[in-house]
Ligand SMILES: [Zn+2]
């Protein structure tokens, strides 16, 4: 062993060795410790991917989710399946796990295995919550004090054009009021998501008009990898 | 084959079924359908994105004109026709521009039971002016769904049904989510409580299954009583992932007028085939 070969050291050399050893260890530990203290929030992850415009959808695959009776007046929206950035999703999942942030109510493995996309759910997912879906989409619902939350994720996008698209892109994560609460709309890891806060008393509950509350709600969520990834 | 007699019944049933609310005081006044009011015999609709003049955000008249159907093959959300997709705020009995400022046009006055509210053509009101964001609207703000009046303005009478096979998501005070097996979220608003039996979070439903009855509920106070802050109508939304062909805009409320027109045509066709016999004029009770 190395230790047995060392000669007895002076106080100074012991101090120096300790200092150097600590410095050496510290430079490796710092990033790990930072990771352990805080994982990036969902809105930080979205902002990093967005960079002022909505992310490109990459190499897509056209899907026919459903065969409809042909309409003579209108065309059917093209639906494409977008590729998932599994590496980024895995990195985020590990960061949440290292930070000790996991969904409090375990998601059923059978459900996780069916969903072939990264799952975003509330960290404090109550036991009364449900997660369901299949292959290209999932939906998570949970009940909270005075409101319910649903998260919807999909990797199939409908193609529909609007002059509003550019505006939506500039905002990255869109947080907005709905008829009965608040919603956030964003893309992450290549997939598309919404978080909806559905209020019991939309007019009387001030949280139901608060962008700050909604952002906090989104950032209280964590990422889990589904689809056996 | 369609018998001539049943065809006439359908045509007749597509006539206006008009009623006057009477402000809840004098009881219903029933206006018999007449051809002279200009009500078309056949279903007609204005194009997608063609809002009532000046009712779009920024006093525009244009919503989303893309004709793409985002929910192909869905069942029309109201159990049976006729139904009338049009504006509530700028229809008879609506508040009109007064709630948004002087530059917006006023509503035409009258009550929600006015004959014009229960007549074709349909009118798109996705992106109609609202203060809240609607990412797909030209101004980035606007109405996030389509308003549809059932055949009469009676509360708690007309059923809405599942547009697809799927599962019930969040059941709120005002809204009910249907998560379709095609991966979309369809939101039904202003339904009467209680909902149809078995409609609870997580429940599986089949296409066409009853969800609840159309009402005018907009909230619930802490004492448990309902706020009835709107006209009798279904506000319907479709949320899905969307792109412009090259970029991913996340999951949001999508233009749905063409999907509704398409599904309504199929409903009328199937009604025609099933020879639906309905009373031409029904009483109207609004509270
Ligand atoms: Zn509405």
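The values are calculated or read from the model by the stated rules, or taken from the named source; none is laboratory data. Remember, it's a predicted structure, so these values are computed and weren't measured experimentally. We place every Cβ from the backbone using ideal geometry, glycine too, and count neighbours over all the protein chains shown.
Annotations for the structure displayed:
- Filtered residue count, segment B:222-251, keeping only those that are within 16 Å of the ligand (Cβ to nearest atom) and more than 19 Å from the chain's Cα centre (by Cα): 1
- Residue match in segment B:107-124 (condition: within 26 Å of residue A:176 (Cα to Cα), crowded, with 24+ Cβ neighbours inside 10 Å and either in contact (Cβ under 8 Å) with a residue 24 or more places away in the chain or within 16 Å of the ligand (Cβ to nearest atom) (or both)): yes
- Filtered residues of segment B:174-197 (kept if within 7 Å of chain A (Cβ to nearest Cβ) and closer than 16 Å to residue B:156 by Cβ): B:174, B:189
- Matching entry among B:103, B:98, B:151 (being closer than 23 Å to residue B:264 by Cα and more than 14 Å from every other protein chain (Cβ to nearest Cβ)): B:151
- Test: residue B:86 is within 14 Å of the ligand (Cβ to nearest atom) and either within 25 Å of residue B:269 (Cα to Cα) or within 11 Å of another protein chain (Cβ to nearest Cβ) (or both): yes
- Only residues that are touching a helix residue (DSSP H, G or I) at 6+ places or on another chain (Cβ under 8 Å), more than 10 Å from chain A (Cβ to nearest Cβ) and part of a strand (DSSP E or B) were counted in segment B:225-272, giving 1.
- Comparison of B:145, B:219 shows that the only residue that is within 16 Å of the ligand (Cβ to nearest atom) and modelled with pLDDT of 95 or more is B:145.
- Inspection of segment B:177-187 finds no residue satisfying the criterion of being under 18 Å from residue B:80 (Cα atoms), outside any strand (DSSP E or B) and out of contact with any helix residue (DSSP H, G or I) (no Cβ under 7 Å at 6 or more places or on another chain).
- With respect to (1) surrounded by 24 or more Cβ atoms within 10 Å (Cβ to Cβ); (2) out of contact with any helix residue (DSSP H, G or I) (no Cβ under 7 Å at 6 or more places or on another chain); (3) at pLDDT below 95, the lone exception for residue A:202 is condition (2).
- Count of residues meeting criterion [surrounded by fewer than 22 Cβ atoms within 10 Å (Cβ to Cβ) and more than 15 Å from residue B:71 (Cα to Cα)] in segment B:177-204: 13
- Comparison of B:72, B:108 shows that the only residue that is within 12 Å of chain A (Cβ to nearest Cβ) and assigned to a loop (DSSP other than H, G, I, E, B) is B:72.
Here's the yes/no breakdown for (1) within 16 Å of the ligand (Cβ to nearest atom); (2) more than 15 Å from the chain's Cα centre (by Cα):
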| residue | (1), (2) |
| --- | --- |
| B:129 | yes, yes |
| B:132 | yes, yes |
| B:135 | no, yes |
| B:149 | yes, no |
| B:162 | no, no |
| B:165 | no, yes |
| B:168 | no, yes |
| B:184 | no, yes |
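- Taken as a whole, the condition of being part of a loop (DSSP other than H, G, I, E, B) and either farther than 27 Å from residue B:153 by Cβ or more than 10 Å from chain A (Cβ to nearest Cβ) (or both) does not apply to residue B:212.
- Within segment B:154-173, being within 14 Å of another protein chain (Cβ to nearest Cβ) and in contact (Cβ under 8 Å) with a residue 60 or more places away in the chain holds for B:163, B:164.
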